[in-house]
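Here is the structure we will look at.
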Amino acid sequence: MKVHNFSAGPAILPASVMAEAAEAVRDFNGSGLSILEISHRSKPFVAVLEEAVSLVHELLGVSDDYAVLFLTGGASSQFYMTAMNILNDNETAGYINTGAWSTKAIKEAKNFGNIVELASSKDTNFSYIPKGYDIPADLKYVHLTSNNTIFGTQFQEFPATDVPLIADMSSDIFSRPLPVDRFGMIYAGAQKNMGPAGVALAIVRKDILGKVERTIPTMLNYQTHIDKNSSFNTPPVFPIFVSMLTMRWVKEQGGVDAMVPHNEAKAKIIYDAIDNSPIFEGVVTDTVDRSLMNATFVLKEQYAHLQDDFMAAATAANCSGVKGHRSVGGFRASIYNSMPHSSAQALADVMAEFAAKHA
Ligand SMILES: *Cc1c(COP(=O)(O)O)cnc(C)c1O
């Protein structure tokens, strides 16, 4: 029996992608060789990389003003690479602090320039997306985390400013259309909504580069990877291949536009299950900020002792990965692009049955 996978990351991928990836490990395109044992400079892999880049351009409507890169070091390396490549020591960048990932990005960026926290929801353990703050026009960039994987909040609208935005979109890339032109840079670790762990996608507007005075180590310089088409050194061949397959799948579904109603319908199943429940409640205080990718919820105070019992009930119903992050507690259902509605319904059913038994 297939397990319903609610893991926050590494996370669910489409079943068809898993099957194609498994076949390519055995025999890549009938070549008699595995995808795991071919050169990154061989024609078949160069074609994979080119298709991956072109699918990013196509799916998100990324113009040629931007470079599309596949890098190693995860989204976490982008926390420092962004500032290192874009911000001079005497320049200032604004950060919106909506959780653990933003906090880490701020810490790393401080090594390279002046960082101001424009807004933060730390006062309530990041239960909402800040609104109504000023953005000085002279900032070099404004950094935000589009979807807060841990806390289950998501920017439904990006801040209104002419300052270029830089966004960590690790957990909602390809889940919706984006106003890419407003961004100086978008980055995402693959392992939430795009592919297996081991690669990060970076979409960089080329004209924001080349303006810092510091010496940037070769491997940490975006220009190196632009000049060498993400193959300065050996790129993560298999994660790029599987990410490409997932992007093909998104395209077959109708692209990122089609992901929106699909994701909304799925999220509604879970959020209705939370809101209609006598024993569960949501974690996000401003419901407009609720993430379509990670739904967080807890047991109401008088039912808090049932934490382990609900985990056991979820496991018995083949729902895996529902435990909340330790900094939030409770439960988290990660319902990325590839999660079918039937899995969301399976979890909603366990929640309802559990409530009927214990309320
Ligand atoms: C998971 C995650 C990260 C960390 O990604 P790594 O690839 O492990 O470095 C960063 N930001 C967000 C929003 C995430 O969800």
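The values are calculated or read from the model by the stated rules, or taken from the named source; none is laboratory data. All values derive from a computational prediction rather than experimental measurement. Glycine also receives a Cβ, built like all others from the backbone with ideal geometry; neighbour counts cover every protein chain displayed. Note: accessible area is taken over every heavy atom of the protein model, side chains too, but ligands, DNA and RNA are not part of it. Shrake-Rupley method; radii C 1.70, N 1.55, O 1.52, S 1.80 Å.
Miscellaneous remarks
- Cut-off 19 Å (backbone N to label point 7 Å along Cα→Cβ of T218), residues of the range 17-43: 40-41
- In a reduced charge model with +1 at each Lys and Arg Cβ and -1 at each Asp and Glu Cβ, the range 60-124 shows a dipole moment near 300 debye about its Cα centre.
- Rounded, prolate or oblate (a/c below 1.5 giving rounded, otherwise prolate when a/b exceeds b/c) for the chain by Cα gyration tensor: oblate
- Among the trypsin sites (Lys or Arg not before Pro) found in the range 167-216, those both in a DSSP coil and sparsely packed, with 15 or fewer other Cβ atoms within 10 Å of their Cβ, are K211, R214.
- Sparse-neighbour loop sites [chymotrypsin sites (Phe, Trp or Tyr not before Pro); the range 120-149; at most 13 other C-beta within 10 Å; DSSP]: Y133
- Centre separation in Å (Cα based) which lies between the range 250-323 and the range 143-214: 24
- Sequentially through the range 211-226, phi angles give Karplus couplings (6.51, -1.76, 1.60; θ = phi - 60°) of 10, 9, 8, 6, 7, 9, x, 3, 5, 9, 9, 3, 4, 4, 6, 5 Hz, Gly and Pro residues having no value and appearing as x.
- Checking every one of the trypsin sites (Lys or Arg not before Pro) in the range 217-270 against DSSP loop status and a limit of 15 other Cβ atoms within 10 Å picks out K228.
- Peptides 255-265, 101-111 ranked from most to least packed by the mean count of surrounding Cβ atoms within 10 Å: 101-111, 255-265.
- Using the Cβ of F310 as centre and a radius below 15 Å, the other residues enclosed give a net charge of -2, where K and R count +1 and D and E count -1.
- Each of L144, A304, M293 was placed along the dipole of the chain (beta-carbon charges, centred on the mean Cα), and the one lying farthest toward the positive end is A304.
- Simple spin-label estimate for E117 and A312 in nanometres, 7 Å along Cα-Cβ: 4.1
- Per-pair calculated FRET efficiency, R0 = 45 Å: T285 and S42 via Cβ, rounded to 0.05: 0.30
- Structure remark: mean-square fluctuation, Gaussian network model of the chain, C-alpha springs under 10 Å; the largest value among Q302, Q223, Q154 belongs to Q302.
- The heavy atoms of H57 present about 40 square angstrom of accessible area, all protein chains included, probe 1.4 Å.
- Rounded to the nearest 20 debye, the dipole size of the chain about its Cα centre is 620 debye, using +1 on the Cβ of Lys and Arg and -1 on the Cβ of Asp and Glu.
- Measuring between alpha carbons in the structure, the pairs from K268/K300; K43/K107; K104/K131; K104/K357; K110/K323; K192/K357 lying more than 30 angstrom apart are K43/K107; K104/K357; K110/K323; K192/K357.
- The distance from the alpha carbon centre of the range 46-117 to that of the range 4-31 is 27 Å, rounded to a whole number.
- The charge dipole of the range 255-358, taken about the Cα centre with unit charges on the Cβ atoms of Lys, Arg (+1) and Asp, Glu (-1), comes to about 240 debye, rounded to the nearest 20.
- Each Cα pair under 8 Å and six or more residues apart adds its separation to the average, and for the range 292-359 the resulting relative contact order is 37 percent.
- Residue (of G32, A355, P278) at the positive-pole extreme of the chain, dipole from beta-carbon charges: G32
- Cut-off 17 Å (backbone N to label point 7 Å along Cα→Cβ of Q345), residues of the range 256-284: 262-274
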